[in-house]
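K.L.:
Below are the structure tokens for one structure; questions will follow.
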Amino acid sequence: MIDSVSRALKMLSFLADHNEVGVRELSRAFEVNEATAYRTLITLQNHGYVIQDPKTKKYKLGFETVRIGQSCLNNYDLVQVARKYAIELTRKINETITLIARHGNYAVYVNKIDSTHVVRIHSQIGSKIQLAFEGFTKPILVFLSEKEQLDLIGKEKIAKVKTEISKFIEIGYTISDEEVDSGVTVIGCPIYNYESKIVGAVNVPIPKVRLDEQKIPEIAYQVQEATRKISKDLGYRV
């Protein structure tokens, strides 16, 4: 019984990382026969956790997972605390704000506040990205301890980006130039909790076609102020 529950949960995680999965693909991934994979999928489908595409006959996550995920986010302190400051920040700079939460060696998109611009950057709430010295996870990685940085990206990579890391630490924010998407600059700052640990980051992705580079320090200051307030409400004290 425990094994079957464990397998079902792992299959849900597998489905979360793939758009659609067939019975055969799932059976190979979990090294079980197709009948076992099918029975597990049917059980999940009966409870709304999985749906089958009528055309492809493949399976994907159902709406019950959306409900549970949203409930989790609604009860997650970081999302609750950060939301009002993210809205405030969006009103000040009129750019899309993304909030990511650290989850081990990964980060998860947990909230987004859109700007009023027609052209804006899209990110999927709930999607997971590995921590790296680029894009939306850069503000987390840059401000981690040297030991954590070494564990995450290795000594060779650290040596290559050491100068950049020092610069970002000095100015208190990160800049990612076309590391997320072509033609997009991202300005980001980390969020700390009551244990002085980095638990997430606020990022502002801006299309370069409307970015005045002379305004980057002012935008960054507003992001810093927002993350300072979020961190304070999470119990962080300098």
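K.L.:
What aspartates and glutamates does Lys208 reach when the alpha-carbon gap must be under 13 Å and sequence neighbours fewer than 8 apart in one chain are set aside?
P.N.:
Hits, sequence-local ones excluded: Glu95, Asp177, Glu178, Glu179, Asp181.
K.L.:
Let me check against my output: what whole-number percent is the relative contact order of segment 2-68, with C-alpha pairs under 8 Å and at least 6 apart?
P.N.:
So the answer I get is 32 percent.
K.L.:
Moving on to the next point. Across segment 1-108, how large is the tail of the calculated P(r) beyond 25 Å, expressed as a percent of all Cα pairs? It would help to have the intermediate numbers written out before the result.
P.N.:
On the way: 2234 of 5778 pairs.
Of all Cα-Cα distances in segment 1-108, 39 percent exceed 25 Å.
K.L.:
Rounded to the nearest 20 Debye, what is the dipole magnitude of the chain about its Cα centre when Lys and Arg each give +1 and Asp and Glu each give -1 at the C-beta? Intermediate values should be presented prior to the final figure.
P.N.:
Numbers: 33 positive and 29 negative charges, 84 e Å.
That gives the chain a dipole magnitude of about 400 debye.
K.L.:
Right, something else. Between segment 10-43 and segment 149-172, what is the C-alpha centre distance in whole Å?
P.N.:
Using only Cα atoms, the two centres lie 39 Å from each other.
K.L.:
Continuing with the same structure: Highest mean first, how do 138-145, 39-46 rank when packing is the count of other Cβ atoms within 10 Å averaged over residues?
P.N.:
Peptide ranking by packing, descending: 138-145, 39-46.
K.L.:
Determine the relative contact order of the chain: mean sequence separation of Cα pairs under 8 Å and six or more apart, normalised by residue count, in whole percent.
P.N.:
Once normalised by length, the contact order is 15 percent.
K.L.:
Give me the Å³ per residue figure for the convex hull around the C-alpha atoms of segment 180-238.
P.N.:
68
K.L.:
Oh, and also: Find the eigenvalues of the gyration tensor of the Cα atoms of segment 105-175, then list the square roots of 5 times those eigenvalues as equivalent ellipsoid semi-axes, largest first, in whole angstrom.
P.N.:
Details: eigenvalues 135, 46, 17 Å².
Each semi-axis is √(5λ); the values are 26, 15, 9 Å.
K.L.:
Where the Cα atoms of the chain are projected onto their three principal axes, how long is each span, largest first, in whole Å?
P.N.:
60, 42, 36
K.L.:
Is the C-alpha gyration tensor of segment 160-201 telling us rounded, prolate or oblate? Criteria: a/c under 1.5 is rounded; beyond that, a/b larger than b/c is prolate, otherwise oblate.
P.N.:
oblate
K.L.:
Cross-link list Lys92/Lys128; Lys84/Lys160; Lys157/Lys215; Lys138/Lys232; Lys10/Lys147; Lys167/Lys215: which exceed 26 angstrom alpha carbon to alpha carbon? Please list the in-between numbers first.
P.N.:
Values: Lys92/Lys128 28 Å; Lys84/Lys160 38 Å; Lys157/Lys215 30 Å; Lys138/Lys232 21 Å; Lys10/Lys147 31 Å; Lys167/Lys215 18 Å.
Lys92/Lys128; Lys84/Lys160; Lys157/Lys215; Lys10/Lys147, as the Cα separations exceed 26 Å there.
No lab work stands behind these numbers, since they all come straight from the coordinates. If you're wondering where the values come from, they're calculated on a predicted model, not measured in any experiment. Ideal geometry is used to build each Cβ from the backbone, glycine not excepted, and the neighbour counts take in all protein chains shown.
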